[in-house]
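Novice: Got a structure for you, written out below as structure tokens; questions coming shortly.
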Amino acid sequence: MISIRNISKSFNGHKVLDGVGIDIEDGEVVALIGPSGTGKSTFLRSINLLEHPDTGELEIDGKTYDLANASKDETLEIRRSTAMVFQQFNLLRNRTALQNVMEGLTVVKRLPKNQAQDRALRELRNVGLEAWADHYPQHLSGGQQQRVAIARALSMDPRLLLLDEPTSALDPERVNEVQRTIAEAAEAGNTMLLVSHEMGFVRSIASRVIFLEGGKIVEQGTPEEIFGNPHTDRLRDFLSSFERYGTNHPGADASRNASWRTQEALREEHEREDLALEAV
Amino acid sequence: MPDLFNGKLVFTQIPQLLRYLPVTLELTVAAGVIGLLLGFVIALIRVKRTPVLYQISTVYISVLRGTPIIVQLYISYFGIPIFLKYLNYWNGTNWDINSVPPVLFAILALAFNQSAFMAEVIRAAITAVDPGQLEAARSLGMSASQVRRRVILPQAGVIALPGLMNSLIGLIKGTSLAFVCAVVDMTAAGQIMAGSSYRYFEMYCSLAIIYWVITLLLERVGAWLERRLSVPEQAPALRQVAQTEPEQAQPAQTAPARGSVRRLPALNTPGIATLAGTVAKEVVARD
């Protein structure tokens with residue numbers, strides 16, 4: 001189990017996070033939702049100390065770290081047991097996809113090169129990009145880069161995978177492939193903390209959803225509770241801004257059926273498209 | 001026709017001049033290496049804004065870039081002996097100032113001058129590395145020195161290369177002023193030779209050709225290095241990959257190029273089905 005406790009952070013006197021804490025069970029996928037500027041990313045970045053919180057504790061497998069006063073060694077330890085997927089992918093641009101995934105294995109985990117390469121290729125295969133191993137980030141689409149970034153993060157066997165709006169920087173037609181990769185990582189049992197504005201995705205992947213606003217947890221619960229039966233006005237207001245996505249439709253079954261129909265319709269449409277393309 | 005210009009001499013005297021090329025190269029390499037190392041340290045001070053040293057570096061760069069190299073050479077040639085004499089006086093030592101080879105004064109002056117220019121090039125290159133690259137490396141658990149070695153240096157190096165080459169080319173031509181420190185480099189040797197033959201114009205033409213050829217070579221080396229170090233423009237061919245094993249059928253086997261929804265694999269688990277459905281719906285809503 002991973003416990004994150006009492007994280008606070010102020011920027012220039014403005015309190016972005018005010019004592020936020022979550023417990024995450026192994027294999028759980030926790031999603032953080034909330035309006036922009038409400039501290040979701042700061043919370044994530046405070047956990048692996050890319051941001052230095054004013055207060056906060058992290059407990060991983062019984063070992064507790066004081067996030068506000070972590071030593072250099074503790075910082076490295078924390079970062080080695082968590083992994084981060086960034087909104088902007090942040091693949092090292094002077095390294096190929098394979099080298100990017102190998103980097104942490106050889107430099108941080110100090111695996112011999114051939115072992116690191118085998119592991120990296122396996123991770124790339126899992127995200128469907130083994131064939132792209134020798135490509136540099138600039139040769140890959142945004143979605144492919146993000147999948148390599150996910151492979152890189154998973155190669156480190158993190159206790160907690162942090163995903164900071166992993167699909168926000170993608171072209172709409174690339175969102176799907178990345179979401180599927182993340183869903184597969186979740187199915188594989190990875191413990192995740194996800195920040196996302198894609199409510200449909202959050203609903204389908206999260207085991208628990210946390211609504212953060214004004215630096216505090218306002219409401220939390222299962223996706224069904226949060227999307228189907230929001231208790232607070234603030235959550236209702238927030239969700240209503242996504243209404244056109246149809247994601248806070250009350251009643252999970254109805255929406256499940258609806259999505260099935262939509263998918264069938266999409267398939268048919270694409271089959272027609274394919275036929276049309278072949279005809280040309 | 002009067003013998004005003006001896007075109008042949010321009011080329012025939014080049015071998016004689018080249019006997020002094022090692023002096024020019026020695027000045028260049030020594031001043032270049034010292035300048036690069038010193039410039040790197042100064043650049044780090046400027047990036048980190050180390051107190052006191054930062055302010056000193058600001059003045060240092062401003063003065064060295066703001067005064068002519070020939071003046072700096074004179075100051076080095078006359079100033080360092082005076083400084084050493086004071087040291088003798090203060091410490092009661094008795095070093096022989098005259099035993100210091102003059103080439104050292106020239107090298108020091110050129111190196112300090114180079115360091116100021118290179119520091120600015122390197123500083124700009126370091127700050128030009130995308131912070132996201134550093135965060136990615138840090139989030140993997142790399143130590144600060146690993147991040148410096150594996151991410152900042154290689155990336156900043158590529159960015160700095162053209163500027164450093166520029167600086168180096170400036171240095172090579174700067175060595176032609178080393179005569180003011182009583183160093184007989186290629187240019188000084190040429191002037192001495194021309195002094196006896198009175199073929200000054202031909203001599204300067206020969207020198208121009210030599211310096212230009214050296215610069216041409218350096219430009220080629222720079223371009224080659226840049227090509228070597230930067231990411232190839234062309235994407236490589238895809239690797240031939242064996243089909244994935246059955247358990248791994250679910251991951252996308254090929255990157256969907258366009259309209260990725262159509263390549264959804266057959267869905268048989270309810271969990272994934274819901275997910276895919278929601279995702280598909282979202283795509284629809286977006287369209």
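The values are calculated or read from the model by the stated rules, or taken from the named source; none is laboratory data. Owing to the predicted nature of the structure, the values given are computational and were not obtained by experimental measurement. Neighbour counts are summed over all protein chains in view; Cβ atoms, including those assigned to glycine, are modelled from backbone coordinates with ideal geometry. Quick note on the areas: whole protein, heavy atoms, side chains included, nothing else; ligands and nucleic acids left out. Shrake-Rupley method; radii C 1.70, N 1.55, O 1.52, S 1.80 Å.
Novice: Select, from A:Leu44, A:Leu32, the only residue that is open to solvent by less than 40 Å² (accessible area, probe 1.4 Å), outside any loop (DSSP other than H, G, I, E, B) and away from chain B (no Cβ under 14 Å). Before you say what the answer is, go through the steps one by one.
Specialist: Details: A:Leu44 fails: away from chain B (no Cβ under 14 Å).
Residue meeting the stated conditions: A:Leu32.
Novice: Right, next: Scanning the range A:101-130 for residues that are at the interface with another protein chain (Cβ under 7 Å from one of its Cβ atoms) and not in a helix (DSSP H, G or I), which turns out surrounded by the fewest Cβ atoms within 10 Å (Cβ to Cβ)? Give the steps one after another, and end with the answer.
Specialist: Applying the first criterion (at the interface with another protein chain (Cβ under 7 Å from one of its Cβ atoms)) to the range A:101-130 yields A:103-104, A:107-108, A:125-130.
Then keep just the ones that are not in a helix (DSSP H, G or I); that gives A:127-129.
Details: A:Val127: 29, A:Gly128: 25, A:Leu129: 31.
Checked the range A:101-130; the qualifying residue surrounded by the fewest Cβ atoms within 10 Å (Cβ to Cβ) is A:Gly128.
Novice: Mind checking which residues of the range B:55-89 are in contact with a helix residue (DSSP H, G or I) (Cβ under 6 Å, 6 or more places away or on another chain) and more than 24 Å from B:Val100 (Cβ to Cβ)?
Specialist: Listed by number, the residues that qualify are B:Ser57, B:Ile61, B:Arg65.
Novice: Of all residues in the range B:130-157, count the ones that are more than 8 Å from chain A (Cβ to nearest Cβ), buried (at least 19 other Cβ atoms within 10 Å of the Cβ) and either of a type outside the set (A, V, I, L, M) or under 21 Å from the mean Cα position of the chain (by Cα) (or both).
Specialist: Adding up the residues that qualify gives 2.
Novice: Among the residues of the range A:149-179, how many are in contact with a Lys or Arg (Cβ under 9 Å, 6 or more places away or on another chain) and charged (D, E, K, R)?
Specialist: Within the range A:149-179, residues that are in contact with a Lys or Arg (Cβ under 9 Å, 6 or more places away or on another chain) and charged (D, E, K, R) number 5.
Novice: Restricting attention to the range A:47-68, which residues are surrounded by 14 or more Cβ atoms within 10 Å (Cβ to Cβ) and in a strand (DSSP E or B)?
Specialist: In the first step, residues of the range A:47-68 are kept if they are surrounded by 14 or more Cβ atoms within 10 Å (Cβ to Cβ); the result is A:47-60, A:65, A:67-68.
A:Thr55, A:Gly56, A:Glu57, A:Leu58, A:Glu59, A:Ile60, A:Tyr65, listed by residue number.
Novice: For the range B:1-16, which positions are among the hydrophobic types (A, V, I, L, M, F, W, C) and either exposed (fewer than 12 other Cβ atoms within 10 Å of the Cβ) or within 17 Å of B:Ser176 (Cβ to Cβ) (or both)?
Specialist: Of the range B:1-16, the ones among the hydrophobic types (A, V, I, L, M, F, W, C) are B:1, B:4-5, B:9-11, B:14.
Selection gives B:Met1, B:Leu4, B:Ile14.
Novice: Oh, and also: Please work out which residue is farthest from the other protein chains (Cβ to nearest Cβ), limiting yourself to the range A:68-100 and to residues that are farther than 12 Å from A:Val148 by Cβ and among the aliphatic types (A, V, I, L, M).
Specialist: Of everything passing the filter in the range A:68-100, A:Ala68 is farthest from the other protein chains (Cβ to nearest Cβ).
Novice: Would you mind listing the strands (runs of 3 or more DSSP E) fully within the range A:131-224 where at least 3 residues are within 12 Å of chain B (Cβ to nearest Cβ) and at negative phi? I'd like the intermediate steps shown before the answer.
Specialist: Numbers: elements: A:160-164, A:192-195, A:208-213, A:216-221.
In the range A:131-224, A:160-164 are the strands (runs of 3 or more DSSP E) which contain 3 or more residues that are within 12 Å of chain B (Cβ to nearest Cβ) and at negative phi.
Novice: Determine which single condition B:Arg199 fails, assuming it passes every other condition in (1) charged (D, E, K, R); (2) under 12 Å from the mean Cα position of the chain (by Cα); (3) more than 26 Å from A:Thr96 (Cα to Cα).
Specialist: (2)
Novice: If you don't mind, there's one more thing I want to ask. Which ones in the range A:131-143 are within 22 Å of the chain's Cα centre (by Cα) and open to solvent by less than 20 Å² (accessible area, probe 1.4 Å)? Don't jump to the end; show me each part of the working.
Specialist: Start the filter on the range A:131-143 by keeping residues that are within 22 Å of the chain's Cα centre (by Cα), which leaves A:137, A:140-143.
Those that are within 22 Å of the chain's Cα centre (by Cα) and open to solvent by less than 20 Å² (accessible area, probe 1.4 Å): A:Pro137, A:Leu140, A:Gly143.
Novice: Same structure, new question: Do the conditions hold for A:Ala183, that is, is it among the aliphatic types (A, V, I, L, M), more than 11 Å from the chain's Cα centre (by Cα) and under 17 Å from A:Ile150 (Cβ atoms)? Working first, answer last.
Specialist: Details: among the aliphatic types (A, V, I, L, M): yes; more than 11 Å from the chain's Cα centre (by Cα): no; under 17 Å from A:Ile150 (Cβ atoms): yes.
Against the criterion (among the aliphatic types (A, V, I, L, M), more than 11 Å from the chain's Cα centre (by Cα) and under 17 Å from A:Ile150 (Cβ atoms)), A:Ala183 does not qualify.
Novice: I would also like to ask the following. Kindly establish whether A:Leu194 is open to solvent by 30 Å² or more (accessible area, probe 1.4 Å), of a type in the set (A, V, I, L, M) and modelled with pLDDT of 95 or more. Even if it seems obvious, please write down each step before you answer.
Specialist: Working: open to solvent by 30 Å² or more (accessible area, probe 1.4 Å): no; of a type in the set (A, V, I, L, M): yes; modelled with pLDDT of 95 or more: yes.
For A:Leu194, the condition - open to solvent by 30 Å² or more (accessible area, probe 1.4 Å), of a type in the set (A, V, I, L, M) and modelled with pLDDT of 95 or more - is not met.
Novice: Filter the range A:55-78 for residues that are small (Gly, Ala, Ser) and out of contact with any strand residue (DSSP E or B) (no Cβ under 9 Å at 6 or more places or on another chain) and give the result.
Specialist: Initial filter on the range A:55-78 (small (Gly, Ala, Ser)): A:56, A:62, A:68, A:70-71.
Listed by number, the residues that qualify are A:Gly62, A:Ser71.
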